[in-house]
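The values are calculated or read from the model by the stated rules, or taken from the named source; none is laboratory data. Computed from a predicted model, the values in this text were never measured in an experiment. Note that each Cβ is placed from the backbone with ideal geometry, even for glycine, and that neighbours are counted across all protein chains shown. Side chains are part of the model used for accessible areas, which takes the heavy atoms of the whole protein and leaves out ligands, DNA and RNA. Shrake-Rupley method; radii C 1.70, N 1.55, O 1.52, S 1.80 Å.
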Amino acid sequence: MDLSRQESWSQPEGRAEPGGREGLPAGQAGLASDEAARRLRRWGPNEVARERRKSGWRRLLDALREPMFFLLLITASVYFFLGDTGEGLTMLAFVVAVVAITVVQEWRTERALDSLRELAAPRARVLRDGRWEWIPAREVVPGDFLALTEGERIPADVRLSSVADLSVDESMLTGESEPVWKAAGDACYAGTVVLQGQGWGEVEATGERSRLGEIGRLIASVEEHPTPLQRQIRSLVRQFFLVGAVLCLAVGGLVAWEAVRAGSGRAWTEALLAGISLAMAMIPEEFPVVLTVFLSLGAWRLSRQKALVRRLPSVETLGAVSLLCVDKTGTLTENRMSVRDAVAWAPAAVAGGRGEASGRAGEEAGPEAWEELVRTAVLACEEEPYDPMDLAIGRWSGERGLEPEAVRAGRRLVHEYPFRPQERWMGHIWEDPSGVGELAVKGAPENVLPLCRLEPEERQAAEERVRGLASRGLRVLAVARGEEGDPGLRAPYPERLADHRLRLVGLLGLADPPREGVREAVALCRGAGVDVVMITGDHPATAEAIAREVGLDGGAGTVTGEELDRFGEEELDRLLTTGRGAGVRIFARTVPGQKLRLVRSWRRQGRVVAMTGDGVNDAPALKEADIGVAMGGRGTDVARDAADMVLLDDNFVTIANALRQGRHIYDNIRKAVAYILAIHVPIAGLALLAPLLGLPLFLWPIHIALLELILDPTCSIVFETTPEEPDLMRRPPRPPEAPLVDARLLGQALALGGTLLAATLLVDLVALRQGLGEATARSMGLATLLLGNVLLVLSMSSERRPLLAGLLGRPSDGAGPAGENPAGRRSRWVLAAGTLLLLAAGLYVPSLRPALGTAPLEARGLLVAGAAAAAATLWWEGVKRLRRTA
């Protein structure tokens, strides 16, 4: 009996939900729900050791260990030591605010990751209250009666009560790659994989008490290695820190020397504050925040679009994919099979010497031949079908007046030849009440026809009909039965189906229409420089017909799996680069091992490959690909575990959208990094140049803390919600080795930051020369810097969109994205309003002015600061306009 596969994310279309009392083991009703709940409380969730969640205090302590907050606390201590209580309390208030922002960002990230974990949580089928139910695997308890099916990863240690051709891969526990065949009474262990067959049994151990629990504790102790992007970010922070440390010491020494020469009694205090200000200005502590927040929230956004990312670095890799390999059935098509055409094949004497009686599905062409075809096709299917083709045959049988239950009535399944990818056939031997056996077979025509006793003319006619059906995009199955007098119809049955004598009874043509939107998605990928390749087990003519419907370029022809097997590795590389295979976009009649060879060859050529798969045998190819994409509906647990991403709807359009999102996320990371570099130029420059030019210290530590209140949310909210560029999917894929910060991005950041530094310093110098006083000059400089920061963010949010279009949230020239993210528009308005409020508080709240060293500005001073900020940043709008018109 087919217990159906475990589905971790969704039930596949056409498969019945578990439930009801059908198929219950004799004398078993399973645990009662209240008893299961008691056992769950007693034994705990069925989970192996995993990383402990951070408590609120742990998050707080981690935040305070950052260099930036350490410097803020030192500064507050210096103020208190000098007796400046107001300045010290103000600095502590900034410490609390900046720490709160950091903790909130981390909490936001963890919430996104928790959402992903809940989506990815595996499920198990157990017997509860006399019904089969799907439950989260973490809720399985000792004593549960558990169903096991091919392709599942077993969730707990189980003692088997009943099996049917059950083999398990226990290599993760034993290291032995050979499958282990199981019998009733044997044990199966958590974490192992069902390779074939099915069974059920009672759960003996869960969680850390299982055999896997011991391994889980070791896994939890292993630290994850940083990704290339994380290494780039850490390298940037390290470089800035080293440069900042050297400059900090140099500037602190210079200020101390000048103060001693001038006879100032606060020489070392001034030197310490100057050094701390420069160190705070130089540390780009926002970089790690950007990477963590963007990748985790990006993965969360992808999950809302039916693409579940299981490994965060894959979000960044999506943007570099240059080759997308997809299956046909269920990915490009709807995976809703129906029998569209059929050929009933009868002995020549019955068919008037032609050997066939054919017609469209639903037409009568020889009642006896049609009835034999329908009956044999049903008997060749599973008793409890879940495969889309078996379900389609069952519906077709009912439409022709033969319900599958009536066909099987009185017969007993006594032997099974399971489907294997290499053979592409399956067969069942049924025994009627009189003890007579009947063999029913269905499978790929090129595999089944050679087993049938056909005259050469009949064989040629059958092959012509197969080609005719396949050329219309139909998936063709040959249906055959054992000949009368075949000794293999009585026990002991032959081990191989090929040892039987078969007779052809007909052909079935099944249709699976392309999914809506696939043609547009294929065109989108091709326009983005991403090659789309179909790798399918179907007949070449069927694959080519579907390829034409979805817009795949099949001009270079089709390569079959049989052809691939003729080539060695070097020959295959040449075929895919310089031979005719270089332009091939259709690979037909392939098996999973050939998928793996193709992926390895393309990767050797430097392609970044995304590969789809759903079966146990697809797992190696999914693991080998840069992005393995498993099917969430019809895929096995093993395929999902091997994949980097899971499609919750098995839809090619979702893959195309995920590639788009991957590019968008990486693009926004680059924009945020460019902004961080740009804004740190004036902050660090002012902290450095004021002491060198003999000017009053322009930026105090408290001012930099004030800026941090703006910079952190700007990086993690404003840029994370920035809309995509109009040409995002018209660019070629980025090279995987491309640096995050290239010469162009660095030049843009330095140019914008340099002009804002020059404008701020100029405003400060002019105010001092006009005798307005140090406090007024500082106020005008701060106003220039803060207003310039707002304009900088709005301008750098897009490489082409005008500044006002970004603020108002509408495309500039009709080329922008169709829908603006409302959260992005709100975040930009909040940034502008928050900056103005902070500036107004610093200038016009009397209790804050002494701590900030500021003075109120008249309208003229504000206009000068605003004009300087606009002049320093809006020149970039001219550059963007030239890009749009180029």
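By the gyration tensor of its Cα atoms, with a ≥ b ≥ c the square roots of the eigenvalues, what is the shape of the stretch 120-166: rounded for a/c under 1.5, prolate for a/b over b/c, or oblate?
It is oblate, given that a/c is not under 1.5 and a/b is not larger than b/c.
Show me 444-454, 372-382, 824-834 ranked by packing, highest mean number of other Cβ atoms within 10 Å first.
372-382, 444-454, 824-834
Amide H neighbours of SER161 under 5 Å, at least 5 residues apart or on other chains, H built in the peptide plane: list them.
GLY185, TRP200, GLY201, GLU202
What is the gain in length, in nm to one decimal, between LEU762 and ARG826 on full extension, counting 0.36 nm per residue of separation less the C-alpha to C-alpha distance?
19.8 nm
With a/c under 1.5 counting as rounded, go ahead and sort the stretch 418-523 into rounded, prolate or oblate using the C-alpha gyration tensor (a ≥ b ≥ c being the square roots of the eigenvalues; past the cut-off, prolate if a/b is larger than b/c, else oblate).
Prolate is the answer for the stretch 418-523, as a/c is 1.5 or above and a/b outweighs b/c.
Roughly how far apart, in whole Å, are the Cα centres of the stretch 827-843 and the stretch 655-710?
Between the Cα centre of the stretch 827-843 and that of the stretch 655-710, the gap is 17 Å.
Which order do the peptides 870-880, 399-409, 754-764, 667-677 come out in when sorted by mean C-beta neighbours inside 10 angstrom, highest first?
Answer by packing, highest mean first, reads 667-677, 754-764, 870-880, 399-409.
How many nm is it between the label spots at SER33 and ARG603, if each spot is 7 Å from the Cα in line with the beta carbon?
Placing both labels 7 Å along Cα→Cβ, they lie 4.6 nm apart.
VAL414 versus ARG800, label points 7 Å from Cα toward the beta carbon: distance in nm?
Here the modelled spin labels are 7.1 nm apart.
Applying 1/(1 + (r/R0)^6) with R0 = 30 Å to the Cβ-Cβ distance of ARG566 and GLU464, what FRET efficiency is obtained, to the nearest 0.05?
0.70
Taking amide hydrogens as modeled 1.01 Å from N in the peptide plane, which residues meet the under 5 Å criterion relative to SER338, leaving out close sequence neighbours?
Result for SER338 returns ALA511.
Suppose the chain between GLU858 and LEU728 were pulled fully straight at 0.36 nm per residue; how much longer would it get relative to their current alpha carbon spacing?
The GLU858-LEU728 span can extend by a further 42.3 nm.
How do 597-605, 488-496 rank on mean C-beta neighbours within 10 Å, highest first?
597-605, 488-496
Can you bin the stretch 584-694 into rounded, prolate or oblate? Criterion: square roots of the alpha carbon gyration tensor eigenvalues sorted a ≥ b ≥ c, rounded for a/c under 1.5, prolate for a/b above b/c, oblate for the rest.
prolate
I'd like the accessible area for CYS325, computed on protein heavy atoms only with a 1.4 Å probe and all protein chains in place. Round to 10 Å², please.
Probe radius 1.4 Å; accessible area of CYS325 about 0 Å².
If you count only protein heavy atoms with a 1.4 Å probe, what accessible area per residue comes out for the stretch 670-814, rounded to a whole Å²?
Each residue of the stretch 670-814 exposes 32 Å² on average to a 1.4 Å probe.
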